[in-house]
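See structure below.
None of the figures in this text is laboratory data; all of them are computed from the coordinates on show. Remember, it's a predicted structure, so these values are computed and weren't measured experimentally. As a convention, Cβ positions derive from the backbone with ideal geometry for all residues, glycine included, and neighbour counts pool all protein chains shown.
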Number of protein chains: 4
Amino acid sequence: MTVSLEQARIIIAQTFKKGSELGLKPLSVVVLDAGGHVQAFEREDGAAPGRFAIAHGKAYGAVMLGMAGRAQMARAEAQAYFMSAVNGAFGGAVVPVPGGILLRDDQDAVIGAVGITGDTSDNDVLAGLAGIAAAGLKAEA
Amino acid sequence: MTVSLEQARIIIAQTFKKGSELGLKPLSVVVLDAGGHVQAFEREDGAAPGRFAIAHGKAYGAVMLGMAGRAQMARAEAQAYFMSAVNGAFGGAVVPVPGGILLRDDQDAVIGAVGITGDTSDNDVLAGLAGIAAAGLKAEA
Amino acid sequence: MTVSLEQARIIIAQTFKKGSELGLKPLSVVVLDAGGHVQAFEREDGAAPGRFAIAHGKAYGAVMLGMAGRAQMARAEAQAYFMSAVNGAFGGAVVPVPGGILLRDDQDAVIGAVGITGDTSDNDVLAGLAGIAAAGLKAEA
Amino acid sequence: MTVSLEQARIIIAQTFKKGSELGLKPLSVVVLDAGGHVQAFEREDGAAPGRFAIAHGKAYGAVMLGMAGRAQMARAEAQAYFMSAVNGAFGGAVVPVPGGILLRDDQDAVIGAVGITGDTSDNDVLAGLAGIAAAGLKAEA
């Protein structure tokens, strides 16, 4: 099972809505499927041009490692050379900070990941969790 | 000036609508801004996982070279080593076939590009042109 | 839905068995999941050291493009620069020849791919089809 | 001399068996030959999609440097820039942590390496050592 386009749209729209309510800077949100492939992405007007790669890197590391952004950051802080090596193994595409959120189904299987970027990492997570909740999915930040 | 997220959403939604009317296979559509950076992307359920890279490659070549997909294909057929060398210069990210469509404003300035993939290249273009027309923008396929 | 490790083991073992019956050279077989990620791989003793990359490239292109090896080869022969560009977009990992076989479930959804290498491409396919049939899955070569 | 496919199968099967007995998370195990090339790999159902790259990186560094995972980690902790530079030289493919285990024959010659990932690095090693012992080979973790 993997996240659907309809679920991805809800996640993105509701993440932006929450960001707007919280007065956050323009956000960018990617939804990856269970294999780490892009299902949907949107970048709000005014966001920096490079935001796709950051959003993607947060979500990609989460789904490929089965480890959400906060856990990746903890590992990077405890053992920097390990996350650096992991990134080498994944072509430099992993961004190990909060804002990479795993999506799980009712059986706790990973069905994709969401990457949010634009404000502080903690605010990115807040907005993303609201989006995922609106889609009725379980999140691991 | 560059394409807005709102315009990108219309382009994507109306491209899918046209694809559905024509009975095409599941499509994937990316919209890049005037700098070649991803503004929005959606992949319909059932599309192959690698479709982001193909859609992106069609649009990326268009905006980076200021040359739409059909013109790139003509160049590739006349002078394959040239497009191959261009791709070396752009990290292999260019896919020089129809389905990479330039977006122009009223003064004919390039404000972004659309990449469509999933069916035949010609059908991809048909669907994309409908999406761009619905957003009120000028297209060069 | 994606191919299971148990199914992958059957596919590999029965592909080798068929290769042995046909008197083929030592084979290498990879099974990728629906996201293009390695589920299982075996290389028979005596096979050349680089066979993982070839087997992987055949299966990877199949699952990422939703297009089996024979169709990829036809496209490469008709439009070499297109498959070359596709390969750029996928980091050079695609090997577009027979021996990349799609795995489909009862609803015809792609649930993975098998890559076989070691003998002629046609013999690679013959052996792989026997392995896939033994696992009770539908194949598209 | 190099590890055989039959030995690789025993190593993988018995590593999984030990992991199951210890209640570890789903494991992924690669066996590389004396030249650092993939001989066999299996990923248990439920493991994250990116586990091949991690397992491979642990074993690849071991065999290419003739230095097991624990020794690589010690070096990375003492001299991070050195292991980072080593990784540059090997295309980013080295993951220098426990779980990369050298295989030696009776004369202590390196005949391959095993990479295990999925649980903690120390548990990965425990399971891998059991697998290698079952194959009657000497291990250096």
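State, to one decimal in nm and shortest first, how far the label point of B:Ala74 sits from each corresponding label point in the other identical copies (label point: 7 angstrom along Cα-to-Cβ).
Label-point distances to the other copies, shortest first: 2.8, 5.9, 6.7 nm.
If the limit is 25 Å between Cα atoms, which of C:Lys138/D:Lys25; A:Lys18/A:Lys58; C:Lys17/D:Lys138 go over it?
Result: C:Lys138/D:Lys25; C:Lys17/D:Lys138 exceed 25 Å.
Show me, for segment B:29-38, the HN-Hα J-couplings you get by feeding each phi into the Karplus relation (A = 6.51, B = -1.76, C = 1.60, θ = phi - 60°), rounded to Hz, glycine and proline as x.
Using θ = phi - 60°, the values come out as 9, 10, 10, 9, 7, 5, x, x, 9, 5 Hz.
Report the local net charge at A:Ala55: Lys and Arg +1, Asp and Glu -1, summed over other residues whose C-beta lies under 10 Å from its C-beta.
Neighbour charge sum, excluding A:Ala55 itself: +1.
Calculate the mean, over all residues of peptide B:85-97, of how many other protein chain Cβ atoms lie within 10 angstrom of the residue's Cβ.
3
Which order, highest average first, do A:26-33, D:126-133 follow once you tally other Cβ atoms within 10 Å for each residue and take the mean per peptide?
Those peptides, ordered most packed to least, come out A:26-33, D:126-133.
Modelled label-to-label distance, B:Glu21 and A:Asp45, 7 Å Cα→beta-carbon offset: nm?
About 2.6 nm, to one decimal.
Please work out which residue of chain C brings its Cβ closest to the axis of the rotation superposing C onto A, and round that distance to whole Å.
C:Gly35, 1
Amide H to amide H under 5 Å from D:Leu27: which residues, 5+ apart in sequence or cross-chain, H placed 1.01 Å off N in plane?
Amide H neighbours of D:Leu27, under 5 Å, 5+ apart: D:Glu44.
Over what distance in Å are the Cα centres of segment C:96-130 and segment D:80-141 separated?
Cα centres, segment C:96-130 to segment D:80-141: 32 Å.
How far is B:Gly136 from itself in the other copies, in nm, if each label sits 7 Å out from Cα along the Cα-Cβ line, shortest first?
3.6, 5.8, 8.0
Taking the Cα centre of chain B as the origin, how large is its charge dipole in debye, to the nearest 20, when only Lys and Arg (+1) and Asp and Glu (-1) carry charge on their Cβ atoms?
Details: 11 positive and 14 negative charges, 37 e Å.
Once rounded to the nearest 20, the dipole reads 180 debye.
With the label 7 angstrom out along Cα to Cβ, how close does B:Ala93 come to the same site in each of the other copies, in nm, nearest first?
Label-point separations across copies, in nm and ascending: 1.4, 1.8, 2.6.
Could you work out how much longer the chain between D:Ala93 and D:Ala13 gets when fully extended? Use 0.36 nm per residue separation minus the Cα distance between them, nm to one decimal. Intermediate results must be reported in sequence, preceding the final value.
Details: separation 80, 0.36 × 80 = 28.80 nm, distance 2.49 nm.
Taking 0.36 nm per residue and subtracting the Cα distance, the gain is 26.3 nm.
When Cβ neighbours within 10 Å are restricted to other protein chains, what is their mean count per residue of peptide B:52-60?
4
Counting only other chains, what is the mean number of Cβ atoms within 10 angstrom of the Cβ of each residue in peptide A:24-36?
Values: counts 0, 0, 1, 0, 4, 0, 3, 3, 3, 5, 8, 13, 7.
Mean shielding by partner chains, rounded to a whole number: 4.
In the neighborhood of D:Ile101, defined by Cβ-to-Cβ distances under 11 Å, what is the net charge if each Lys or Arg adds +1 and each Asp or Glu adds -1?
Values: positive: D:Lys58, D:Arg70, D:Arg104, D:Lys138; negative: D:Asp124, D:Glu140.
Spelling it out: positives minus negatives among the neighbours equals +2.
Please give the Cα centre distance for segment C:1-46 versus segment B:43-65, rounded to the nearest Å.
Cα centres, segment C:1-46 to segment B:43-65: 30 Å.
Can you give the local net charge around A:Gly69? Use residues other than it whose beta-carbon is closer than 15 angstrom to its beta-carbon, Lys and Arg +1, Asp and Glu -1.
Neighbour charge sum, excluding A:Gly69 itself: -1.
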